[in-house]
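Contents: one structure, followed by commentary.
Bear in mind that the values in this text are calculations on the coordinates, not laboratory data. Note that the structure is a prediction, hence the values are computed from the model and not measured. Please note: Cβ atoms are built from the backbone with ideal geometry, for glycine as well, and neighbour counts cover all protein chains shown.
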């Protein structure tokens, strides 16, 4: 049964993407010939600045892939805008292992898509590439330049210093009576601070300007109560005494968990971190015939209670009608509570008494959610050792669960 369950989970995970909805939203592209073309663009809510994207023309089901070589500009209406530009960029590392000892930026020409944050008398742009984040700016119709900020190493103690030349750039180019000198001097090189500064300057200059800032995303944290029906089994083998070998029957039991879900604010909220402390128990008894023990029988009794703590990653696939499907993979830790396995003879005298101690294992799940409130999940928990403190014993505890949930926060 467990192999069939694992096969079902893996099959669903592999095939599920075929049934998920691809989200295309209204926008436009400007091609190499400066033609503006209305279209539907696949909105991936990019965390990193894209180098390519997909779109559909009106009344056409074909999906076209565009990249930085074929498109000068593209935008998703009311959400985001990207322009292609030849700029000088400093890619110096901020990791101390690869950090430069040179204060000056190492500027090299590259053609990049830049995300437009503000467009006006003073325009602000962003380039994001993993651990590399650079801001660019432009005054009126001048060229786009990087706002210079660099960390570098000084002296033999590898102290870190900062080149904050971007403050001087802004003091020279973005002067306004309503902006105090101290505001330039203490300005930080980050998204929110620079965005507010450029907005303030454009308002101060009394110009028409447009903002393309990413709106704050709501509902990035969920708490879900998750009762479940478990089908659990346990087997154990002793390499020295086969008399102790026992395969317990599968047992159905109810348990409950509380899941905390932290949704990452990018890629259309498709990724989440999940943590779910769950109470579980398993009680079973098995009698085996043997000629090696007085009385001819050995009875194994297991009383296993624990708090399982799976920590994992979830990925959503959005469907229609406020529905979505998800798959998740978790590393599960187990905290047992005075659990034990007893081995006794037919007359009730004790042969062995084993304390339960568990190792971590993996869990795979697939499920669906409706209206961000109601959910159902099928989960397979790989067999884990629960007698880790006994070298002679090999044990395997596995569970298949049907989980329902209600998100109350």
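Highest mobility in the GNM of the chain, judged by mean-square fluctuation with C-alpha springs under 10 Å and restricted to 81, 47, 196, is found for 196.
Please state the equivalent ellipsoid semi-axes for region 79-211: what are the square roots of 5 times the Cα gyration tensor eigenvalues, largest first, in whole Å?
Values: eigenvalues 140, 68, 27 Å².
Taking √(5λ) for each eigenvalue gives 26, 18, 12 Å, largest first.
The calculated FRET efficiency for residue 111 paired with residue 352, based on their beta-carbon distance and R0 = 56 Å, is about 0.20. In percent, rounded to a whole number, the relative contact order of region 203-320 is 22, using alpha-carbon pairs under 8 Å and six or more apart. Only alpha carbons enter this Debye calculation for region 57-134, each as an equal point scatterer, and the log10 of I(q)/I(0) it gives at q = 0.27 Å⁻¹ is -1.36. Largest GNM mean-square fluctuation across 164, 178, 336, computed for the chain with C-alpha springs under 10 Å, falls on 178.
Run the numbers on the chain and let me know its relative contact order in percent, using alpha-carbon pairs under 8 Å that are six or more apart. Spell out each step's value before the answer.
Working: 952 pairs, mean separation 49.5, N = 409.
Relative contact order comes out at 12 percent.
In plain terms, the residue of 197, 408, 333 with the fewest other Cβ atoms within 10 Å comes first and the most crowded comes last, giving 408, 333, 197. Summary value for region 217-407: 21 percent relative contact order, contacts being C-alpha pairs under 8 angstrom separated by 6+ residues.
Mind running the shape call on region 333-376? Use the C-alpha gyration tensor, a ≥ b ≥ c as the square roots of the eigenvalues: rounded below 1.5 for a/c, prolate if a/b tops b/c, oblate otherwise. Walk me through the numbers before you get to the answer.
Working: a/c = 4.28, a/b = 3.03, b/c = 1.41.
Prolate.
Quick one: helix 191-204 against the long Cα principal axis of the chain, what's the angle to the nearest 10°, folded into 0 to 90? Helix 191-204 sits roughly 30 degrees off the main axis of the chain. Once you divide the Cα radius of gyration of region 189-280 by 2.2 N^0.38 Å, the number left is 2.20.
Seen against the Cα atoms of the chain and their longest principal axis, helix 2-15 is set at about 10 degrees.
Looking at region 217-407, what % of the alpha carbon pairs are farther apart than 27 Å?
On the way: 6865 of 18145 pairs.
The calculated P(r) of region 217-407 puts 38 percent of pairs beyond 27 Å.
Which of 390, 125, 282 moves most in a GNM of the chain, Cα contacts under 10 Å? Residue with maximal mean-square fluctuation among 390, 125, 282: 390. Taking every alpha-carbon pair in region 230-341 and binning the separations at 10 Å intervals from zero gives 12, 29, 24, 17, 11, 5, 1 percent.
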